[in-house]
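The values are calculated or read from the model by the stated rules, or taken from the named source; none is laboratory data. Source: prediction; values computed, not measured. Here Cβ is always computed from backbone atoms with ideal geometry, including for glycine, and neighbour counts include all displayed protein chains. SASA here: full protein model, heavy atoms, side chains in, ligands and nucleic acids out. Shrake-Rupley method; radii C 1.70, N 1.55, O 1.52, S 1.80 Å.
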Amino acid sequence: MHFIFDIDGTLCFNGASISPAIQDALAELEHQGHRIGFASARPYRDMLPLLDERFHDGLFVGSNGAMTWRRRTLVDLTPLPNDTLEQLFELTERHAASWLADLDWHYHYSGDPAHPFMSLVDPGRLARHVERGAVRRAAKLLITDCADSDGLQQALARRSDIRIHHHSDQQIVDITAAGVDKAAALAES
């Protein structure tokens, strides 16, 4: 049997770690012949440090389905189209929003580095913060703060070329390409 576990709120309750007891239970499932995988709004880069090395060859569906990692290799990436990404950058500027772009491995953040959300980004210090000009093939754009949140939400809602993923426990919005979600990524895996 295949088991796919969402990370935050299912396996990880503090944003920073998964308990050894839970990881041992996951290993026992594998020992019994089951296949396990992990899914998250986080990119796979940020899921890896939460799990023991024994799970790193498994299936990771990250960035709300925009990227799939298996056997320590990126096997699928559905980026935001470049023209869409540029239009989103214009919207973020118009509405005074700060944002994080997750690329295939690295990232760019436009806001205050002290923002609380940034403690969850690249916890293993595996990637690097790239310059704005290096942002290409972004798996997702995450809005962390916005001076005109209502105006930005209205502008985003009119777009058919993106998928908006709301985080109910935070005032954060993830944006991926249209049609991207965890279920679609799993169906292709």
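So the values come out like this:
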| item | result |
| --- | --- |
| Among residues of region 127-146, those that are charged (D, E, K, R), in contact with a strand residue (DSSP E or B) (Cβ under 8 Å, 6 or more places away or on another chain) and closer than 21 Å to N64 by Cβ, counted | 3 |
| Complete set of residues in region 99-148 that are hydrophobic (A, V, I, L, M, F, W, C), surrounded by 12 or more Cβ atoms within 10 Å (Cβ to Cβ) and part of a loop (DSSP other than H, G, I, E, B) | L103, W105, V121, L126, A127, V130, V135, A138, A139 |
| Among residues of region 35-87, those that are part of a helix (DSSP H, G or I) and not hydroxyl-bearing (S, T, Y), counted | 16 |
| Test set (1) in contact with a Lys or Arg (Cβ under 6 Å, 6 or more places away or on another chain); (2) more than 22 Å from T144 (Cα to Cα) - G37 fails condition number | (1) |
| Failed condition for A185, given (1) open to solvent by 50 Å² or more (accessible area, probe 1.4 Å); (2) assigned to a helix (DSSP H, G or I) | (1) |
| Residue match in region 75-98 (condition: of a type in the set (A, V, I, L, M, F, W, C) and under 22 Å from A16 (Cα atoms)) | no |
| Test: residue in region 79-91 that is over 20 Å from T144 (Cα atoms) and either open to solvent by less than 50 Å² (accessible area, probe 1.4 Å) or in contact (Cβ under 8 Å) with a residue 24 or more places away in the chain (or both) | yes |
| Any hit, region 123-134, residues being at pLDDT below 95 and of a type in the set (A, V, I, L, M, F, W, C) | yes |
| Pairs, first polar (S, T, N, Q) in region 138-163, second open to solvent by less than 80 Å² (accessible area, probe 1.4 Å), C-beta under 7 Å, six or more apart | T144/S98; T144/W99; T144/L100; T144/G111; T144/H115; T144/F117; T144/I172; S160/A178 |
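Residue by residue, here is whether (1) at pLDDT 95 or above; (2) open to solvent by 60 Å² or more (accessible area, probe 1.4 Å); (3) farther than 19 Å from R137 by Cβ; (4) in contact with a Cys (Cβ under 9 Å, 6 or more places away or on another chain) holds:
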| site | (1), (2), (3), (4) |
| --- | --- |
| D8 | no, yes, yes, no |
| P20 | yes, yes, yes, no |
| H34 | yes, no, yes, no |
| F38 | yes, no, yes, no |
| L50 | yes, no, yes, yes |
| L59 | yes, no, yes, no |
| S63 | yes, no, no, no |
| R72 | no, yes, yes, no |
